[in-house]
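Here is the structure we will look at.
The values are calculated or read from the model by the stated rules, or taken from the named source; none is laboratory data. Given the structure is predicted, the values throughout are model-derived calculations rather than measurements. For neighbour counting, all protein chains shown are included, and Cβ atoms are generated from backbone atoms with ideal geometry for every residue, glycine included. What goes into the accessible areas is simple: the full protein's heavy atoms, side chains included, and nothing from ligands, DNA or RNA. Shrake-Rupley method; radii C 1.70, N 1.55, O 1.52, S 1.80 Å.
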Protein chains: 2
Amino acid sequence: MKKQSARQLLLDATFEEVYTYGYAATSVDRILKKASVPKGSMYHYFGSKKALVLAMVEERLFPKMDEFFHFEKHKGCTVYESFRNTFAAMSRNRPLIEHGCPLYRLMVELSPVDKDFDKLLIEKYNQMHKGIAMLLKQGIDEKEFDESLDYLAFAAFMLSSVWGILSLSPSLSSPKVFISQSRFLLDELNRYRIY
Amino acid sequence: MKKQSARQLLLDATFEEVYTYGYAATSVDRILKKASVPKGSMYHYFGSKKALVLAMVEERLFPKMDEFFHFEKHKGCTVYESFRNTFAAMSRNRPLIEHGCPLYRLMVELSPVDKDFDKLLIEKYNQMHKGIAMLLKQGIDEKEFDESLDYLAFAAFMLSSVWGILSLSPSLSSPKVFISQSRFLLDELNRYRIY
DNA sequence: TTAGTATTAGACTTTTTAGTCTAGTGAAAG
DNA sequence: CTTTCACTAGACTAAAAAGTCTAATACTAA
C-alpha cells in the first residue's frame, strides 16, 4: 500500500514536531519539509493544520501511549508487582523520561483553549484511568488490597502524579528521579496490601 | 509613580494572556490591546516579546506562586497540619484549580525548547523544592516524622504530584478532585509520623 | 490503450506575526 | 520659559503563518 505513504510520513513528522515544540509553535511548513511532502498532498489528506494534528493524536499519539503505559496484570505477578514492573519499564524509556508524556503535554497546552482537542484527549484519559482503576479493583477482589482503597481516586492520583513527574523540565528529569519519585506511589499502594 | 504605569499594565496583561494561551499562542498585539498601551511603549520598556515574558515571569508569575504555594509551618500547627491547611487553601483557590499552575504550564511548554526560560523557571522550582524539603526536615528534627523519610525526594514528589493534579484538563479539575487526590499525599506523609 | 480518479507540485494569496521608525507629547529641571 | 528626555503614538516593514489554486502526473480499472 504505497498509496498511504505521504499520509503516514505526514503523521510521523507531525508527531515529532508537536512532541518537541507543542501545537502552537509547530508550523505546517516545517512538517512538510521534515516529511518531504508537498503542501498539496497535505491539504489533500487533511483539511487543516488542526485536522492533521487531531489525526496524528489518534493514529500516532494514542498508540504510543499504549506502548508507554501498560497497565495490565503481568503473568505470575501480583497487581502491586505489575505496577512496579510498569514503572521500572517507564524509567528505562528514554524519550518518555526526556520529553515527558506527549498526551499530557498536549492536554496542558490545548485542553483549556480548544474543546475538540480537550474532548479527544479526555477520551484517552478516561480509558487509561479506567484501566488503572480496574487493575486496582482486581487487586481488591483478589484480596491483595484492602477494601478501604478508593481505587477510582487512587487511579486518578497515579495518573496525575506520573504525568507530573514525567513532564517536569528535562533538566530535572532522569531515570533515577523517576524511580525515586514513583516509589512513593508504590509505597502508598503498599499501605493497602493485605499480608 | 505614574511613570511605570504602562509597564505595569503590560506585565498584567502579559500574565493573563500567557496564563490562558501559553507563550507561543500569545501575540504582542493582543497584549497591547488588552493593556491599552501602544507598541512604542512596549518596545521602549522591553526589547522583545521574550524579554517581556521573562520580566512578567519574575515580576508577576513568581509572586503569584508565593501566593498559591505557602509552605511554612503554620502557627500552633504541626508540619503535617500545615501541609493539610495549605492544600485546603489551594483547593479553594479558583484560578489555580481552573487554570492550573502557571509556572508548571510554562515549564511544560518552554523548558524543553528555551534554555533562558528553563533556567529561570528551574530557579523557582529549586526554591520551592527547598522550602518544602526544609519544612519536612523540620518535622524530622522535631520528632514529628521518622528519620526514614527521604525529605528531599518526598518534597520533589509532592511538587510533581501537585502540579500534575492542578494542570490536568479543566474538565477534569475541581476543588473536590484536588482534595481527593492530594489526600493521598497527606496519607503518604502520615506514614512517617511518630505518635 | 485509455478514461477517470487520486495524488503531487509549488507558486500564490491573505493574514498575522514580531519588530522598526520617526514624529510628537508632556512633565520636570534649569 | 525653555530645554531636555522619557515616553507615546501608530503607521510601516519584513518574515512567516495557514491555506488556496491550477496544472501536471501517476495510478487503476475497463
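If the condition is being at positive phi and crowded, with 16+ Cβ neighbours inside 10 Å, then the range A:21-59 contributes only A:Gly22. Residue by residue through the range A:147-195, note down the ones that are assigned to a loop (DSSP other than H, G, I, E, B) and either aliphatic (A, V, I, L, M) or not assigned by TED's automatic domain parsing to the domain that holds A:Ser91 (or both). The answer is A:Leu149, A:Leu168, A:Ile194.
Return the residue satisfying two criteria in turn: it lies in the range B:39-50 and is more than 15 Å from B:Ala6 (Cβ to Cβ) and of a type outside the set (Ser, Thr, Tyr), and of such residues it is farthest from DNA strand D (Cβ to nearest atom).
Going through the qualifying residues, I end up with B:Lys50.
Taking the conditions exactly as written (away from every other protein chain (no Cβ under 14 Å), touching a helix residue (DSSP H, G or I) at 6+ places or on another chain (Cβ under 8 Å), within 12 Å of DNA strand D (Cβ to nearest atom) and without any contact (Cβ under 8 Å) to a residue 60 or more places away in the chain), does A:Ser36 satisfy them or not? When the stated conditions are applied, A:Ser36 does not pass them. Can you give me the number of residues within the range B:66-86 that are hydrophobic (A, V, I, L, M, F, W, C) and outside any loop (DSSP other than H, G, I, E, B)? Count: 3.
Inspection of the range A:173-194 identifies no residue that is in contact (Cβ under 8 Å) with a residue 12 or more places away in the chain, more than 7 Å from chain B (Cβ to nearest Cβ), buried (at least 24 other Cβ atoms within 10 Å of the Cβ) and not hydroxyl-bearing (Ser, Thr, Tyr). For the range A:87-122, a residue qualifies if it is within 11 Å of chain B (Cβ to nearest Cβ), in a helix (DSSP H, G or I) and open to solvent by 50 Å² or more (accessible area, probe 1.4 Å), and the qualifying residues are A:Glu98, A:His99, A:Lys115, A:Lys119.
Within the range A:135-172, being away from chain B (no Cβ under 11 Å), open to solvent by less than 30 Å² (accessible area, probe 1.4 Å) and closer than 30 Å to A:Leu106 by Cβ holds for A:Leu135, A:Leu136. Filter the range B:1-57 down to residues that are away from DNA strand C (no atom under 13 Å from the Cβ) and among the hydroxyl-bearing types (Ser, Thr, Tyr), then give me how many there are. Within the range B:1-57, residues that are away from DNA strand C (no atom under 13 Å from the Cβ) and among the hydroxyl-bearing types (Ser, Thr, Tyr) number 3. Taking the numbered list (1) within 14 Å of chain B (Cβ to nearest Cβ); (2) free of Cβ contacts under 8 Å to residues at least 24 places away in the same chain; (3) more than 8 Å from DNA strand D (Cβ to nearest atom) in turn, A:Ala24 passes all entries but (2). Based on this model, can you work out whether A:Tyr19 counts as assigned to a helix (DSSP H, G or I), within 30 Å of A:Leu189 (Cβ to Cβ), touching a residue at least 60 places away in the same chain (Cβ under 8 Å) and within 16 Å of DNA strand D (Cβ to nearest atom)? Here the answer is yes, as A:Tyr19 does meet what is asked.
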